[in-house]
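Heads up, the thing below is written out as structure tokens.
The values are calculated or read from the model by the stated rules, or taken from the named source; none is laboratory data. The shown structure was predicted, so the numbers you read here are calculated from the model rather than taken from an experiment. Counting neighbours? That spans all protein chains shown, and the Cβs are built from the backbone with ideal geometry, glycine included. For accessibility, only protein heavy atoms count, side chains too; no ligands or nucleic acids. Shrake-Rupley method; radii C 1.70, N 1.55, O 1.52, S 1.80 Å.
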Amino acid sequence: FGGLKKLAYCSSRSYQFVAMVRAMSVETEVKQNVSGGPNQTLATTTVVFFTGLAAVGLFGPAAAHLKELLNITPMEMSWLIAAPNLSGSLLRIPFGAWAGKEGGRRPMLVLLSCAIVGMACLYFKVKELDGKKHSDPGDYSILLGLAVLIGCGIASFAVGVGQISYWFPQNEQGRALGIFGGVGNLAPAAISLVLPYALKYLGLPNTYLIWLLVVISATLLYIAFSHDASYFQLLAKIPPSEAKELASTEYQQELYPAESVSHGLRIAAGNWKTWCLVSIYFTCFGGMVALTVWFPTYWHVVHGLVPTEAGKLTATFGASASLFRIAGGYLSDSLSGEKTCILGSFILAGGAVMLTVCEEVAPAMIGEVLVAIGMGLGNGATFKLIPYYIPEAVGGAAGLIGGLGTFGGFALPPVLAFFVHKMGTPGYSQGFIIYIVLATLMAIISLLLSASATDYVPEAVGGAAGLIGGLGTFGGFALPPVLAFFVHKMGTPGYSQGFIIYIVLATLMAIISLLLSASATEEDSEDSSSEACSDEECPSTEELSSKLMSWVPGLK
């Protein structure tokens, strides 16, 4: 009988040993099956974003070339040019959320496939129209639909943000996302420099064919070398809890997806800091897109430069903003995202002031470069802050911020045009006042984000009241010169138009009040949760039951 007990004990220990060895072999096999790496993914994702964005940059000249053949109105022409930008901006929201839930590989391939189909069809359509020299009914609608497909190249940005954020630790995300956005956004500047020569020597159809082949090659490169982060790869082989533990311990992954695509969007939309970052990105990236359209006319009308020179200065603006986006990412890692945004807002405001008041070309050029630097720093810092403030819904937040922020490229040109409509040629310069206001709002929001981590100090009420009362009253001295400026530039109508500044101030007041309210709500919820009793302080289930039984005699 004793021998049987020993035999059973040895068998049990042997079974445990075999199970442990088998588990270790499975874990080793799983580890060996994780492919790719952070830098490899960063490189391939940046390449496909660059090529996709450049394809959208090619669409503008194609639409201009087809204007006479299609016999369309200027309004229809503007819709044709704006269509890829509009679709790309809106598609960033759902595809960014999808990448946040399942990784970026599948969403990116869907977007690239749609862009390739659109480019291929556009090539054949352009070649057809170029050959027969006239259009048929329905051609405009076809081209509008193809423009929407090509806009998928812009939406690849939000997918790339999610995919890269999962691969990199938080202390390196600013650098990685700065490189991704900075190099990718060099595409419009590169296209504006190369395109005139390509059109001259190759023609529009062949130019499109060559870039179609480039996009296809970039997509194949992405398929071969880009991979989702370790957690998503492990998830296909082991349960979620084990995949998360292994990704954290072995691959140092720090971010993990939300429960679903819609859940990620709800989390991002419910976080007030998401909307702070939307406003900053609206100013920096949306404002940059608007100025790439505005600057050629500004340099030509205000300073008398020929279109080719105006185009070179605009390309310089776009390239500078993209390169300093990389610098903004590095600064965010070392300095902090909020401080980088504040620095960028001051530089942006300084450049906008120079463009508003300077009448000579050289100071205006310096102002343009300062605006580009400020916007670049803000762009680089924005996406560093997404994983920091909304770690549980990076994809959804990246989609919302990227999509709604890019909308500034559509909203700001009409505002700039309003100044020209009211003031004539001087309005091209005076319109930069709106960027001074946006830079001020950007600085205030960045300060609020930075201060949201600090505690309320009741003993400083007196000092705060003094500062608020003193500096707030300063508006009585600062605003009259601003109102007089409108009269100086517009004459008698300026007395009425000057009240625009109060519309802007009221809007800023509403936004800041909402942010303060959202911050207070968040702090209240944290306080109420922190006041909840711990396991040691709370009575056990048995104690509660006995108390209840003592209170209700019938239960005894």
Only one of LEU199, LEU146 that is without any contact (Cβ under 8 Å) to a residue 60 or more places away in the chain, of a type in the set (A, V, I, L, M, F, W, C) and part of a helix (DSSP H, G or I)
LEU146
Kindly provide the set of residues from segment 182-222 that are at negative phi, open to solvent by less than 60 Å² (accessible area, probe 1.4 Å), more than 25 Å from the chain's Cα centre (by Cα) and of a type outside the set (Val, Ile, Thr), ordered by number.
LEU195, ALA198, LEU204, PRO205, TYR208, LEU209, TRP211, LEU212
Sole miss for PRO107 among (1) open to solvent by less than 50 Å² (accessible area, probe 1.4 Å); (2) under 26 Å from LEU69 (Cα atoms); (3) part of a helix (DSSP H, G or I) is condition (2)
Selection status of SER192, part of a helix (DSSP H, G or I) and within 28 Å of ARG106 (Cβ to Cβ)
no
Would you mind stating whether SER429 is open to solvent by less than 30 Å² (accessible area, probe 1.4 Å), touching an Asp or Glu at 6+ places or on another chain (Cβ under 7 Å) and not acidic (Asp, Glu)?
no
Checking the structure you have, find out if any residue of segment 25-41 is open to solvent by 60 Å² or more (accessible area, probe 1.4 Å) and at pLDDT 75 or above.
yes
Top-ranked residue in segment 339-351 [being surrounded by fewer than 23 Cβ atoms within 10 Å (Cβ to Cβ) and either of a type outside the set (A, V, I, L, M) or touching a strand residue (DSSP E or B) at 6+ places or on another chain (Cβ under 9 Å) (or both); ranked as farthest from GLU172 (Cα to Cα)]:
GLY350
If you check ILE366, ILE373, which single one turns out to be among the β-branched types (Val, Ile, Thr), under 24 Å from ALA189 (Cα atoms) and more than 22 Å from the chain's Cα centre (by Cα)?
ILE366
Being more than 23 Å from GLY138 (Cβ to Cβ), surrounded by fewer than 24 Cβ atoms within 10 Å (Cβ to Cβ) and among the hydrophobic types (A, V, I, L, M, F, W, C) is the filter here, so list the residues in segment 77-97 that pass it.
LEU90, ILE93
How many residues does segment 248-264 contain that are under 29 Å from the mean Cα position of the chain (by Cα) and at pLDDT 80 or above?
1
In segment 203-239, anything of a type in the set (Phe, Trp, Tyr) and either within 19 Å of GLN252 (Cα to Cα) or out of contact with any Ser or Thr (no Cβ under 8 Å at 6 or more places or on another chain) (or both) is listed as TYR208, TYR231, PHE232
Scanning for something in contact with a Leu (Cβ under 8 Å, 6 or more places away or on another chain), buried (at least 19 other Cβ atoms within 10 Å of the Cβ) and either in a helix (DSSP H, G or I) or among the acidic types (Asp, Glu) (or both), does segment 260-267 turn up at least one residue?
yes
Every residue from segment 116-157 that is hydroxyl-bearing (Ser, Thr, Tyr) and either closer than 16 Å to LEU58 by Cβ or open to solvent by less than 40 Å² (accessible area, probe 1.4 Å) (or both)
TYR123, SER135, SER156
So in segment 225-240, with the set limited to residues that are among the hydrophobic types (A, V, I, L, M, F, W, C) and open to solvent by less than 60 Å² (accessible area, probe 1.4 Å), which one is farthest from SER165 (Cα to Cα)?
ILE238
Tell me yes or no: at least one residue of segment 384-399 is of a type in the set (D, E, K, R), over 25 Å from HIS303 (Cβ atoms) and either in contact with a Pro (Cβ under 8 Å, 6 or more places away or on another chain) or surrounded by 24 or more Cβ atoms within 10 Å (Cβ to Cβ) (or both).
yes
All but one of (1) open to solvent by 20 Å² or more (accessible area, probe 1.4 Å); (2) without any contact (Cβ under 8 Å) to a residue 60 or more places away in the chain; (3) hydrophobic (A, V, I, L, M, F, W, C) hold for ALA243; which doesn't?
(1)
